Amino acid sequence: MLIMWRRCGQSFIVGEGVQIEVLESRANRVKLGIVAPDNVPIVRTEARLTREENLAAALSAGHDMIQTLLRSLPAGAPRA
Amino acid sequence: MSRIPTKFFGECDCEAGSLFSFPSGLPGFEDQSSFFFLKIPGAEPLLFLQSVSTRNLCFILLPILVVDPNYVLELAPDELADLQLPLDRTPTIGQDILCAATISCGDGEAPRANLMAPIVVNLQAKIGMQVIKGESGYSHRHPLRSEGALLPC
């Protein structure tokens, strides 16, 4: 992993045409400004991971998995 | 009472009360805005989130407190507003809201739960969303364990 220090107002460039600037820095969060071509998708990491996990969940949901889960999980668990 | 086709249970009698609107869909399924929550006798504690428009789309869920009895859900003001929940108090799981995790499984892997992004629905307003809590510290691939042993899949 490449690590670098940046101050507010400083920026860096990724590949061709992607520029990321530190706009504001607080105790435990930073505000970033991103300039990128329209064809470069920008998505929060956790949103991408959730999308991938949802696709995997939809694909893997089957009768086998239901049976596996029911064999292994205690019934009468807390309410949702 | 209407009958809808489901992925796992043939045609189900679904009460209007179990129909939930997901205005933004789910990540990866943004065009799916209506789901039925199915509770199947004998399949507790599993829940099933069945798409109304796509028969072959049904998520298997577990109530979040089944996966982690100590789970803490913190909803931001904009998430409370999206769910049409009061902003001045914390909603109670099982009373105001239903909170459940999607379950998935890779080939030969143990089933896992997405605790980072639970499905949350307002039981009164019948509106739901997947809240993505990237800063919560919970894993999007939390392994399900049974009496200490990993479940085979």
message: Need one value for B:91-101: mean number of C-beta atoms belonging to other chains within 10 Å of its residues' C-beta atoms.
response: 1
- request: With θ set to phi - 60°, apply the Karplus curve 6.51 cos²θ - 1.76 cosθ + 1.60 along the stretch A:16-27 and write out the HN-Hα couplings as whole Hz, x wherever there is a Gly or Pro.
  value: 9, x, 10, 10, 10, 10, 7, 8, 7, 10, 10, 3
message: If I compute solvent accessible area with a 1.4 Å probe over the protein chains, what percent of it on chain B is carbon and sulfur?
response: 49 percent
field: Residue mean of other protein chain beta carbons inside 10 Å, B:113-126
entry: 2
field: Charge context of B:SER51, other residues only, Cβ under 12 angstrom, K/R +1, D/E -1
entry: +1
message: Rounded to two decimals, what is the ratio between the C-alpha radius of gyration of chain B and 2.2 N^0.38 Å?
response: 1.03
message: Show me, for the stretch B:70-75, the HN-Hα J-couplings you get by feeding each phi into the Karplus relation (A = 6.51, B = -1.76, C = 1.60, θ = phi - 60°), rounded to Hz, glycine and proline as x.
response: 9, 4, 10, 9, 10, 9
query: If each of B:PHE8 and B:GLU30 carries a label point 7 Å out from its Cα toward its Cβ, how far apart are those two points in nm?
result: 2.9 nm
message: Could you work out what % of the accessible surface of chain A is carbon and sulfur, using a 1.4 angstrom probe and leaving DNA, RNA and ligands out of the count?
response: 54 percent
task: Could you calculate the contour length gain from A:LEU59 to A:VAL40, that is, 0.36 nm times the residue separation minus the distance between their Cα atoms, to one decimal place in nm?
output: 4.1 nm
message: Between B:ASP78 and B:ASP107, what is 0.36 nm times their sequence separation minus the Cα-Cα distance? Round to one decimal in nm.
response: 6.7 nm
- request: Over the stretch A:12-75, calculate the relative contact order: mean separation of alpha carbon pairs under 8 Å at least 6 apart, over the residue count, as a percent.
  value: 18 percent
query: Taking only protein heavy atoms and a 1.4 Å probe, what accessible area per residue, in Å², does the protein assembly as shown have with all protein chains in place?
result: 58 Å²
task: For B:ILE127, list long-range residues whose amide hydrogen, built 1.01 Å from N in the peptide plane, is under 5 Å from its own amide hydrogen.
output: B:SER21, B:ASN122
- line: Output row A,B: buried area (accessible, probe 1.4 Å, summed both chains) in Å², nearest hundred, equals 2900 Å²
- request: Could you order peptides B:122-135, A:1-14 by the average number of other Cβ atoms within 10 Å of their residues, highest first?
  value: B:122-135, A:1-14
- request: Please report the relative contact order for chain B, taking Cα pairs under 8 Å with a sequence separation of at least 6, and give it as a percent rounded to a whole number.
  value: 18 percent
task: For every helix of n ≥ 4 consecutive DSSP H residues, a contribution of -39,500 (n - 2.57) applies; sum these over the protein assembly as shown, divide by its total residues, and give [θ] at 222 nm rounded to the nearest 500 deg cm²/dmol.
output: -4500 deg cm²/dmol
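The values are calculated or read from the model by the stated rules, or taken from the named source; none is laboratory data. Quick caveat: nothing in here was measured; it's all calculated off a predicted structure. Methodologically, a virtual Cβ is constructed for each residue, glycine included, from the backbone with ideal geometry; neighbour enumeration extends over all protein chains shown. Note: accessible area is taken over every heavy atom of the protein model, side chains too, but ligands, DNA and RNA are not part of it. Shrake-Rupley method; radii C 1.70, N 1.55, O 1.52, S 1.80 Å.
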